[in-house]
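Novice: Below are the structure tokens for one structure; questions will follow.
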Amino acid sequence: MKKLLFLILFLTGCEIVADDVSVLKADAYLDEVPSDKTAVLQLQNKKIRENNLEYIQFYRKLVPILQEKGYRIVDKNQPHSVVLKLYFGVAATNFAHMRFGVQEQMNEPAEAEELNPSLSAIYTRVKLYSKFLRLTAVDARNPKRELWKVIFSKEDPAEDFRSAQYDLLYLLSRYMEKDSTFQITGKIPDAEIYQRFILHLSPEKTDLSVYMPMERKNDYQQRLQAKIDANPEMFADCGLKNPAKVRFELSALGTIRALKTSADNKECLAEKLENMLSAPIGIPENEMFVVKIPQK
């Protein structure tokens with residue numbers, strides 16, 4: 001019945017907006033900050049191994065935050081003073097009653113006598129999942145002695161850990177080696193996480209009014225240009241006589257839909273360029289990008 005109702009609403013031109021039920025929780029404990037921060041990172045998950053792709057990707061994002069706090073991650077066979085015990089993953093929690101607001105898109109204003117009661121909200125039961133991160137620092141000489149501990153989680157309908165990893169890492173960067181005295185519950189705007197965690201902006205420089213998709217677009221274009229500049233040989237087969245400026249339209253799947261350039265052999269440039277593209281996550285669809293292809 002609910003599926004049929006949603007279908008009718010979509011076909012009749014109604015806009016549906018879901019309530020945000022996501023909740024972030026942070027809990028931090030501190031006993032002592034070690035003077036020697038040579039550390040071993042020890043994975044505690046029983047079902048995830050260190051060669052697991054999910055762990056490897058998360059490890060690459062986690063280590064820079066630890067390094068910012070002064071920790072030097074070494075192999076377990078090397079001398080170390082701290083053991084960092086890591087446990088992360090996804091767990092099914094409970095259900096939430098989510099409200100979907102419905103607004104009709106009316107092309108012409110209705111006369112007063114034509115006003116009729118309309119459906120303004122739909123409620124449905126949604127399964128929630130907790131994406132969690134727990135990191136505990138213990139004394140390598142006395143493993144039973146905890147130095148500090150942090151526990152973070154994000155609860156929402158998404159089942160995958162990657163959907164919450166930046167939120168959790170952002171909390172780690174703020175609360176590691178601190179004592180929260182009690183569990184903190186709340187929400188952080190995506191714009192703040194992006195600006196302060198990804199762009200590393202200080203709180204006084206954070207502007208939550210910035211149009212974040214365009215910030216991501218500019219960053220994507222800069223990274224692509226740097227990749228092109230570092231690998232000019234990729235375009236050697238295209239026979240460029242001069243450096244070329246290329247404008248292209250990018251789809252949500254990271255493919256080129258349209259390409260404009262004054263250089264010859266557009267097909268070759270499009271093929272080579274598309275092979276260098278990464279997934280345009282968080283970037284508005286059908287955006288135009290401009291890059292310069294060097295002559296090789």
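The values are calculated or read from the model by the stated rules, or taken from the named source; none is laboratory data. In this text, all values refer to a predicted model and were calculated from it rather than measured experimentally. Backbone-built Cβ (ideal geometry, glycine too); neighbour counts: all protein chains shown.
Novice: For the stretch 64-86, name all the residues that are of a type outside the set (D, E, K, R) and within 13 Å of A137 (Cβ to Cβ).
Specialist: The answer is L66, G70, Y71, I73, H80, S81, V82, V83, L84, L86.
Novice: On to the next question. Could you check, for the stretch 177-200, whether at least one of its residues is in contact with a Phe, Trp or Tyr (Cβ under 7 Å, 6 or more places away or on another chain) and modelled with pLDDT of 90 or more?
Specialist: Yes: one or more hits.
Novice: Of the numbered conditions (1) touching a helix residue (DSSP H, G or I) at 6+ places or on another chain (Cβ under 7 Å); (2) within 21 Å of E155 (Cα to Cα), L43 satisfies every one except a single condition; which is it?
Specialist: Failed condition: (2).
Novice: Another one. Can you tell me which residue among D36, D19 is modelled with pLDDT of 90 or more and not polar (S, T, N, Q)?
Specialist: D36
Novice: Do you know which residues across the stretch 58-92 are farther than 16 Å from R134 by Cα and in contact with a helix residue (DSSP H, G or I) (Cβ under 8 Å, 6 or more places away or on another chain)?
Specialist: The answer is E68, I73.
Novice: Checking D229 against (1) under 30 Å from I65 (Cα atoms); (2) modelled with pLDDT under 90; (3) loosely packed, with under 14 Cβ neighbours inside 10 Å, only one condition comes out false. Which one?
Specialist: (2)
Novice: Given (1) charged (D, E, K, R); (2) surrounded by fewer than 13 Cβ atoms within 10 Å (Cβ to Cβ); (3) modelled with pLDDT under 80, where does E104 come up short, assuming only one miss?
Specialist: (2)
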